[in-house]
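Please treat every number below as a calculation from the coordinates, not as lab data. For clarity, every value in this text was computed on a predicted model and none was experimentally measured. Note: ideal-geometry Cβ built from the backbone for every residue, glycine included; neighbour counts use all protein chains shown.
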Amino acid sequence: MKLYILKHNFAYELENLTRAFFPNEKICTINISEELCEPYIYTLVLSNRITVKVAVDGKYKEHSMDVTADDDIELMLATMLYKCLTEICGRTLPWGLLTGVRPIKLLRRLKDADGSNKAEEYFKNTLLVSDEKLSLAKTTEANERKILELSQKDSFSLYVSIPFCPTRCNYCSFVSQSVEKAKKLIKPYVDILLEEIKETAKIAKDLKLRLETVYIGGGTPTTLEADDLYLIVKTIHEHFDLSNLREFTVEAGRPDTITEAKLRAIGLYSDRLSINPQTLNDSVLEIIGRRHSTEEFYNAFNLARKLGFRHINTDLIAGLQGDTVKSFENTINGITELSPESVTIHTLSMKRSSFITAENKLITEDDSADVSRMLSYGYDKLSLSGLRPYYLYRQSKMVGNLENTGWAKEGFDGLYNVYIMDETHTILACGAGAVTKLKAFDSEHLERIFNFKYPYEYIDRYSELSSRKQGIYDFYNKYF
């Protein structure tokens, strides 16, 4: 599909909005006038008038509007395009004009600037967010705000990356190495990682920073042996000041990697564990390349409970290949019977480098409708089970243009999830593929330090990375 961007610079927003309606189309942005050939979207901005034309599948819609120098041209273009697309496609989007990752952050800014009533009216009447999603956003924002208020000027969180997995799931695009292929890298990787953790702890100590949360993720951290996991959590415990720590999470992830020895090693210092079945349908697990069973998930969950983990989170995905509305409902019912402290429901995102995208799987309107029903059932069931939404974010190419939402019992919110998504405070990151995010206090200014992406690079070029991270001192001297 051709998207004509003529005499304006708002291609990014219009392309995202177009993709929300046509997720399977390759969108080609064109900045010159030429003979129009269907399918196309044509947008033109003149000094006093804007025009949007859409022609798809033999259907044609056009809207024009007079403008002044004071008008928000980008918003007007998006609104007109949205109107054309809803008329042609015969459907609206649950989040209306919103295509960004952080709708809750936007709602909070509007509330702080204009008050709750005006902010909610803007979401509903200007951004055309549905009543259902506005209600979800309001509840999430109220719960998230309490978490953000815990963060102080000198607060930071620590992220540790373990970029190894037993196998790669077909929906995943993260840069992680299968253990079968990368076994020889694990020992040198852990050795370098321990060194980086120690160096990062020294930086935090020198700058007198306050550690709020620790998150060990990946990948699948429990692909490591128990001894390596113990060394990592022990090194964090010994070298960082944990006197103000509110949360220590280990993303165990795949149930087939979890053993009693590993949980005991983790449990010496960690209080929050994530065990992620994604679905409780064994046939779906097989389709998506997740080589574990529902029984293995139950065994891992019950073992963690037996060993005394006070906060267990489970991740689920709505929209997996082979899943149905009924099957997803069974998964939700099975999870709520276990009564985990928190549950995150993700909507399947068709990520560019995932296997399912490479297989050219298309998103249909039926898929979108089914996933919407899955989320509605899940949200209702979790709410009845005493959980409430505490964080929410969105991704491009999500089925149904929906969202990912974290739910938790009172007192069991995933704090790190909120801090990383909101960009509340600095995240010091260790390990391959990790990104340190340096956040200025009382400002939106953010600077990033990228670790080397692949384990072999990280191991071979660690001295370069170590030198680069000395820039953390410069940042704090400048902004604090």
Practice problem: Between E329 and R49, take the C-beta separation as r, use R0 = 56 Å, and let me know the FRET efficiency to the nearest 0.05. | Solution: 0.65
Quiz item: Using modelled backbone amide H atoms (1.01 Å from N, in-plane), which distant-in-sequence or interchain residues come within less than 5 Å of E247's amide H?
Solution: V214
Practice problem: Averaging sequence separations of C-alpha pairs under 8 Å and six or more residues apart, then dividing by the length of the chain, give the relative contact order as a whole percent. | Solution: 15
Quiz item: Along the principal axes of its C-alpha atoms, what lengths does segment 103-147 span, in descending order and rounded to whole Å?
Solution: 28, 22, 14
Practice problem: Report the full-extension gain for the segment E35 to R310: residue separation times 0.36 nm, less the Cα-Cα distance, to one decimal in nm. | Solution: 92.6 nm
Practice problem: Assuming R0 = 35 Å, can you tell me the calculated FRET efficiency for the pair K26 and L303, based on Cβ-Cβ distance, to the nearest 0.05? | Solution: 0.15
Quiz item: Once the Cβ-Cβ distance between E447 and Q395 is put in as r, and R0 is 25 Å, what FRET efficiency do you end up with, to the nearest 0.05?
Solution: 0.60
Exercise. Please list, or write none, the lysines whose alpha carbon is within less than 18 Å of the alpha carbon of K7, excluding same-chain residues fewer than 8 places away.
Key: K53
Quiz item: At 222 nm, what helix-only mean residue ellipticity would the chain give, in deg cm²/dmol to the nearest 500, using -39500 (n - 2.57) for each DSSP H run of four or more?
Solution: -13000 deg cm²/dmol
Quiz prompt | Calculated SAXS-style log₁₀ I(q)/I(0) at q = 0.09, 0.18 Å⁻¹ - segment 320-475, Debye, Cα scatterers | solution = -0.44, -1.12
Quiz prompt | Cα convex hull of segment 2-89, projected area averaged across orientations, nm² | solution = 5.2
Quiz item: Angle, helix 294-306 long axis vs. longest principal axis of the chain, Cα atoms, 0 to 90°, nearest 10?
Solution: 50
Quiz item: Which parts of segment 228-247 would a label at K198 reach, counting a residue when its backbone N lies under 17 Å from a point 7 Å out along Cα-to-Cβ?
Solution: 228-241
Exercise. For the chain, build the charge dipole from Cβ charges (+1 Lys, Arg; -1 Asp, Glu) around the Cα centre, then report which of G431, T18, L194 sits farthest towards its positive end.
Key: L194
Practice problem: Starting from the Cα-Cα distance between R264 and D206, subtract it from 0.36 nm times their residue separation and give me the gain in nm to one decimal. | Solution: 17.7 nm
Self-check item: Relative contact order computed over segment 2-89 (Cα-Cα under 8 Å; 6+ residues apart), in percent
Solution: 28
Quiz item: Tilt of helix 11-21 relative to the longest C-alpha principal axis of the chain, in degrees (0 to 90, nearest 10)?
Solution: 90
Exercise. With everything on Cα atoms, drop me the angle between helix 131-148 and the longest principal axis of the chain, reported from 0 to 90° to the nearest 10.
Key: 40
Quiz item: So what are the ³J(HN,Hα) numbers for segment 238-246, from phi and the Karplus equation (6.51, -1.76, 1.60; θ = phi - 60°), rounded to whole Hz, Gly and Pro as x?
Solution: 7, 10, 9, 7, 9, 5, 10, 5, 9
Quiz item: Convex hull volume of the Cα atoms in segment 150-466, per residue, in Å³?
Solution: 128
Quiz item: Which whole-number percent gives the relative contact order of segment 103-147, counting Cα pairs below 8 Å spaced six or more residues apart?
Solution: 40
